[in-house]
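Trainee: This is the structure I want to talk about, given as structure tokens.
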Amino acid sequence: MKKSALIVLVITGALAAMAIVIEGARELRVAAAKKPAGASAVQPANAIAQADDPADEDIIRFASNAQPMPPFLVNDLNGQVVSTAALRGKVVIVNFWATWCPPCQEEIPEMMELQKQFQGKLQIIGISMDDGPPEGVKEFADKIGMNYPIVMGSDTLSEEYGGIPALPTSFVVDPQGRVVQKHVGVYPKEVYDNEIRALLGMPVQAKIETFKDTGQIFLKNAALATSLPGVSFAGLTPDQKKLALKLMNSKHCTCGCNMTIAECRITDPTCDTSRKLAQKIVDEIRAGKVPASPTPNQPIAEAIPN
């Protein structure tokens, strides 16, 4: 073999190994940051077992005092009636999302796979939190072939689910119509797969635990529904507060967590980076440096100066 060819092979192999190490570290960092409701601060719930400890196992957590799914009767974007009363007997995932939310776009393909995988036993319902016309949301959904019903969200519907301060947010409902878990942010498909199987009585390679819902799923105080840990919205009007939360849901934190600012604040309230970024957004809006809405061709994530 020629010396030049050998050098190329060595360099290529080194780069490939480096890529694997970096990606592995990223996955571990993100998995550690994502904690479903009821998880302790020490051990992430539903996390994939650590490779260096074979005694570890996946953990599924469901609320022991699960509350009924807030009922609604609405038409989806195709004009079909979506009724919570007709969903009994199926596992349901109520997924709050928006077309402008990058993490939501990352999650949609996995939701589509789950809907196909558990056909007839699972029903995913997408609740679009877009402010724009339904036609724009339908165009987005049709373009990527979303295979579950999409309905337009509202402040009333959001409040019935305890408030949706970060996107995406998904509520897992058992076949009896009770909300047993809530996930804020993007989770691996395996997390939902295990939960769905467990709720359907199918075998799972995981330990099932319960926790008492004291606000982790449904926030008791309505004011908390539009709050984020460690962020003060003092001095903002309701519309300005809504804009601030929208910006925090569309701009990414720079701490390396690969989450939006809002997701980072919820999953890691000790993160000083997301706290400062969130407060900067509030300060800019309060000072009038951020327009009430971005220009027609400007993504909302770019509405605030860096």
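Trainee: Check each of the trypsin sites (Lys or Arg not before Pro) in segment 136-228 and keep only those in coil by DSSP with at most 11 other C-beta atoms within 10 angstrom; list them in order.
Mentor: LYS212, LYS220
Trainee: Continuing with the same structure: With a ≥ b ≥ c the root eigenvalues of the C-alpha gyration tensor of segment 163-272, is it rounded (a/c under 1.5), prolate (a/b larger than b/c) or oblate?
Mentor: In terms of gyration-tensor shape, prolate.
Trainee: What trypsin sites (Lys or Arg not before Pro) does segment 64-122 have in DSSP loop regions with at most 15 other beta carbons within 10 Å?
Mentor: Passing sites in segment 64-122 are ARG88, LYS121.
Trainee: For the pair LYS289/ILE208, report the inter-label distance in nm, with labels modelled 7 Å from Cα in the Cβ direction.
Mentor: So the label points at LYS289 and ILE208 sit 5.2 nm apart.
Trainee: What shape does segment 63-211 have by the C-alpha gyration tensor, where a ≥ b ≥ c are the square roots of the eigenvalues, rounded means a/c under 1.5, and otherwise prolate means a/b greater than b/c and oblate the rest?
Mentor: Cα axes put segment 63-211 in the prolate bin.
Trainee: Pulled fully out, how much extra length does the chain show between GLN176 and LEU200, if you take 0.36 nm times their separation in residues and subtract their Cα-Cα distance?
Mentor: Using 0.36 nm per residue and subtracting the Cα-Cα distance, I get 7.6 nm.
Trainee: Let me ask something additional. Could you put GLU284, GLU190 in order, starting from the residue whose Cβ has the fewest other Cβ atoms within 10 Å?
Mentor: By the 10 Å Cβ count, ascending: GLU190, GLU284.
Trainee: Between VAL81 and SER232, with labels modelled 7 Å along Cα→Cβ, what's the label distance in nm to one decimal, could you check?
Mentor: 5.1 nm
Values quoted throughout were computed directly from the atomic coordinates according to the rules given, and no laboratory measurement underlies them. Being a predicted model, the structure only gives us computed values, none of them experimental. We place every Cβ from the backbone using ideal geometry, glycine too, and count neighbours over all the protein chains shown.
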